[in-house]
Amino acid sequence: MSNLHTHMQYNDPLTIIARKGDAVDPYVDRTDSLPVINSMITLLEIPSSTDKVVISGFVEIDQHVYEKKQKLAENEFLVHYGMGTIQFHPSQEGRVHLCRYKGRGLIMYPASRIYAMITRNPDVIKTLQDFIEESQRKLDETQLAMERVEEVIQQSIDQTGQARRATDHANQAADEAIEAANRAKDAYQTTRLVYKSPVSDLRELRDTYPFPEIGWTVQTYKDGKRYRYDGNNWIEIDLFGQNLQVVNPYRDGLMSVAEHLKLNEIPLEVQDRVIVFCKESYVFQEVIGVVAPFPFHGEILDVKGFCGVYGETETEIRIEKSRDLINWVDIMESPLEFNALAHVDNKKAKFSNKQVSAGDLFRIQIIKAGLDIQHLTIQLTIRT
């Protein structure tokens, strides 16, 4: 368990949660994926200067080396171990890097020691604690006002309920008289049949008679069904020619035996096949590919993207195709994109080339990796 140190000589102390770094309370391995902002990365914990910070593809330089040359190379970084910050070359601005280190703990500052300048004449400042207390006071006042409003609303509801009950009693007698008249009308409408010209099927029925009246009756000659409009929907009431036999290989029915055999000879050749690209854990600006060639001719039908852990920023992905694993061609007109905080893509991806030949190889190119996005799956559907 980490020790909690506070400087109690202050009313609002600075709090440090620190680990001892021994066998009982060791430093914790940390892996932070963070963006470079203003040439700096602020780690989520204070790193151990003994164990150092490791960033793939970069070299850490010491403070005294930096003081001599006063600048960093593109592949160098400087760690301020007391503050938990890492300084980079300006060319790394906006890029996300994976930082591995051993965490020593945290430094937490009280809200009363974080201030903002309100005006410069004269200099007036407010602390974060001032804003918090002022907000709480406003919330308390709002809560009291809402309680008074709720009392007035409840009184109005009670009065409205009394008036509604009186109106209900007055309307009940009129409703009973109307109900008796409606029952007589319903008895007539449920038995009335007004025959109209037949149509081919139910879809044509709705198009031909868009504003039917109760009792209209229409037959669909494709299947022999008869429909009656009941005031809300077309209801099937009977089937003309129910005694006709269905066709089989030996006897004619609703179609001839020859038509039946010819229909059975038509092959079902269309089939949708799927290529899946997966990346477990964190996703970076990288290439993810499928080594085996796709063995069929076809056409790209759709692409879908999913991620188990969404990214804090946008992600952009392109799909590339090759015949020799050397020359790759981008087949996207617009990329597959994940919006920030989204588990699925935004369905705006378009292809400039959908044709697939047997032997084509595919891969995905991560153009922009969202912050902390993990467990990526891309599903490419090809119709063969």
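The values are calculated or read from the model by the stated rules, or taken from the named source; none is laboratory data. The structure displayed is predicted, hence computed values, not measured ones. Glycine also receives a Cβ, built like all others from the backbone with ideal geometry; neighbour counts cover every protein chain displayed.
Some notes on this structure:
- Some residue of the range 288-295 being at pLDDT 90 or above and either hydrophobic (A, V, I, L, M, F, W, C) or surrounded by 10 or more Cβ atoms within 10 Å (Cβ to Cβ) (or both): yes
- Within the range 198-241, the set of residues being closer than 23 Å to Asn182 by Cβ and not in a strand (DSSP E or B) comprises Phe211, Pro212, Glu213, Ile214, Gly215, Asp230, Gly231, Asn232, Asn233.
- Candidates Phe294, Phe306, Phe362, Phe351: the one that is closer than 25 Å to Leu34 by Cα and of a type outside the set (Ser, Thr, Tyr) is Phe306.
- Scanning the range 1-36 for residues that are at pLDDT below 85, polar (S, T, N, Q) and under 25 Å from Cys99 (Cβ atoms) returns Ser2, Asn3, Thr15.
- Residue count, the range 275-321 (criterion: aromatic (Phe, Trp, Tyr) and part of a strand (DSSP E or B)): 4
- Qualifying positions in the range 333-384 - among the small types (Gly, Ala, Ser) and not in a loop (DSSP other than H, G, I, E, B): Ser334
- Of the residues in the range 66-79, not one is at pLDDT 90 or above, within 35 Å of the chain's Cα centre (by Cα) and outside the structural domain of Lys368 (by TED's automatic domain parsing).
- Odd one out for Lys348, checked against (1) free of Cβ contacts under 8 Å to residues at least 24 places away in the same chain; (2) over 15 Å from the mean Cα position of the chain (by Cα): (2)
- Criterion violated by Arg318 - all others in (1) touching a residue at least 24 places away in the same chain (Cβ under 8 Å); (2) buried (at least 16 other Cβ atoms within 10 Å of the Cβ); (3) over 22 Å from Arg95 (Cβ atoms) satisfied: (3)
- Residue under evaluation Glu133, criteria (1) exposed (fewer than 10 other Cβ atoms within 10 Å of the Cβ); (2) under 26 Å from Thr15 (Cα atoms), criterion not met: (1)
- The criterion of being within 26 Å of Leu239 (Cβ to Cβ), at pLDDT 85 or above and part of a helix (DSSP H, G or I) does not hold for Leu144.
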